[in-house]
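Q: Following this message is one structure expressed as structure tokens.
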Ligand SMILES: NC(=O)c1ccc[n+]([C@@H]2O[C@H](COP(=O)([O-])OP(=O)(O)OC[C@H]3O[C@@H](n4cnc5c(N)ncnc54)[C@H](OP(=O)(O)O)[C@@H]3O)[C@@H](O)[C@H]2O)c1
């Protein structure tokens, strides 16, 4: 089969499209024929990309952990899923990933692909929907009627965060650039700040929760929008804890957790099929152009995820 291998630590120039051994499932595993895979911008600097859970180095890791595809082969002891099932998933970061024609997944990682979406759009969902949900509800404890500021509402995570918060009944304020203002409003944002025209701290005050998906200087500015006792969660950098303490607000850096992924993705799949949730992709590339896709994703602009269209 064809796959993308990482030939060294560093940037997209280390991604090589080449032959790889066809995987076969062990006990509890399945082989999925990958139709589409999501590109994860910071993955090339994560240690889990290069090391197994036990700490040993992996040779020529395959990146990518979002997938949408079809179960090709089922390993011993797998009773919950059958060959031919259309599935989507977020697979573990310390195993070979999904930028390949076939990949191994654990049967308990898989959820039914949303029927309304093609594989390319389905592959845009797992990591970003999971991150947005866990940040808003598990970490942020967002309640109906609260004010939430989402920095970067047009990004992969932001698109789901805006929709989840709107569905919850929160007042949703978000930032984006001019070309995405109407788009984020259509997702349910009540107030949209065009960050190219307006400083968020000049316009937004007394919010209960900030979800920062952008990082950089905007994190400090967003702290000033919180009411005393409010919370800033960031998925894109470390907040200034001393500044937060001085303002009487709480901050946390939040990494997505894998534990409840399939249950959550099953819920998200249902919401998409009931036309209650939308997704968007910024660009697609063939598998052979994974390096170009990774370069584009590292720029951090666009409307949704960048996807490898594999089959
Ligand atoms: N901790 C975790 O578990 C976790 C999980 C997933 C992602 N992440 C991280 O979260 C970040 C976002 O990921 P993503 O996939 O959502 O990114 P993405 O799809 O690349 O989106 C970035 C978005 O941010 C917007 N943006 C850029 N600069 C902005 C600014 N100054 N103010 C407001 N919006 C701005 C862009 O909109 P315009 O095009 O309009 O500029 C774009 O829509 C990345 O750093 C990623 O590594 C972390």
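The values are calculated or read from the model by the stated rules, or taken from the named source; none is laboratory data. Please read all numbers here as calculations on a predicted model, not as lab measurements. Glycine also receives a Cβ, built like all others from the backbone with ideal geometry; neighbour counts cover every protein chain displayed.
Q: Just checking, which of 311, 275, 283, 291 is in contact with a helix residue (DSSP H, G or I) (Cβ under 7 Å, 6 or more places away or on another chain) and away from the ligand (no atom under 15 Å from the Cβ)?
A: 291
Q: Now for a different question. Mind checking whether some residue in the stretch 198-209 is touching a residue at least 24 places away in the same chain (Cβ under 8 Å), away from the ligand (no atom under 15 Å from the Cβ) and in contact with a helix residue (DSSP H, G or I) (Cβ under 8 Å, 6 or more places away or on another chain)?
A: Yes, the stretch 198-209 has at least one match.
Q: For residue 230, indicate whether it is over 22 Å from residue 40 (Cβ atoms), loosely packed, with under 13 Cβ neighbours inside 10 Å and in contact with a strand residue (DSSP E or B) (Cβ under 9 Å, 6 or more places away or on another chain).
A: The answer is no for residue 230.
Q: Can residue 206 be described as farther than 27 Å from residue 121 by Cα and not assigned by TED's automatic domain parsing to the domain that holds residue 13?
A: Taking the combined requirement at face value, the residue satisfies it.
Q: Quick check on the stretch 138-162: of everything there that is away from the ligand (no atom under 13 Å from the Cβ) and buried (at least 20 other Cβ atoms within 10 Å of the Cβ), which residue is nearest to the chain's Cα centre (by Cα)?
A: It comes out as 140.
Q: Cβ contacts < 6 Å: first residue closer than 15 Å to residue 210 by Cα, restricted to the stretch 240-265; second residue assigned to a loop (DSSP other than H, G, I, E, B), any location; separation 6+ or different chain. Result?
A: 251/239; 253/238; 254/235
Q: Would it be correct to say that residue 299 is under 28 Å from residue 11 (Cα atoms) and buried (at least 17 other Cβ atoms within 10 Å of the Cβ)?
A: no
Q: Give the residue, chosen from 264, 247, that is within 16 Å of the ligand (Cβ to nearest atom) and either under 16 Å from the mean Cα position of the chain (by Cα) or in the same structural domain as residue 174 (by TED's automatic domain parsing) (or both).
A: The unique qualifying residue is 264.
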